[in-house]
Amino acid sequence: MGTIELAELDAPLSSELLLNSVLPIEQKARHSMESGREVFALLEPNLDIPDENQTIYQTVGDVLMYYKPSWFIEPEPGYLNELPVLSWIYEQDSAIMGAYAPLPTNVVGTIVEGLDALRVEAPRMRREGFGTMRVTRL
C-alpha cells in the first residue's frame, strides 16, 4: 500500500483527469522492459492526456501519465501507435523511451509512502510477469 501526492499546481489538468476519469484502477500492472525501473498500468485507449508538467528526466518516486509506444506493450499486427499509461518510477537509472529517443511524460505526482514496498515487488514482476495493481482515491 502506498500514497501518492498529486502535482495539482504543476499538472492541474492531468491531476483532475486522474481523479475524475481514471481512478479507480485495478488491473495487471506491467514492468517496463525498455525504460528501466518503471511499472505501468494501461489506461482507456481513448483517454486524452494533456501536455503539462512534462520532462524527459524522470526520477525515483515520480508518477507519470503519457502515451507509451504500443510495440513496447503488444507487438502484433493491427496494433495502435500508442497507448495511454499511468506509471511509477521506483529506482534510479530509468529513462522513459520512445522509438528512438527519450519520451516526454507528464509528472502528475510523487510517491510519498510505500516506495520501499514497490522497490521489492517490481523487480520480481520483471522476472515473473504481471502483478495486480490497485490505485484508488483516499
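Throughout, read-outs are computed from the coordinates displayed, never taken from laboratory work. What you are looking at is a predicted structure, and each value in this text was computed from that prediction instead of being measured. In this analysis, Cβ positions are derived from the backbone assuming ideal geometry, glycine residues included, and neighbour counts consider all displayed protein chains.
VAL112: net charge of surrounding residues, Cβ under 13 Å, Lys/Arg +1, Asp/Glu -1, itself excluded?
Neighbourhood net charge equals -4.
Taking 0.36 nm per residue of sequence separation and subtracting the Cα-Cα distance, how much length would be gained by fully extending the chain between MET33 and MET1, in nm to one decimal?
Length difference between fully extended and current span is 9.2 nm.
Simple spin-label model, 7 Å along Cα-to-Cβ: ASN46 to SER21 in nm?
Taking the two extended label points, one gets 1.1 nm.
Using only DSSP helix segments of four residues or longer, with each worth -39500 (n - 2.57), what per-residue ellipticity at 222 nm results for the chain after dividing by its residue count and rounding to 500?
Result for the chain: -4500 deg cm²/dmol, rounded to the nearest 500.
Suppose each label sits 7 Å from its Cα in the direction of the beta carbon; what would the LEU138-ASP93 distance come out to in nanometres?
About 3.3 nm, to one decimal.
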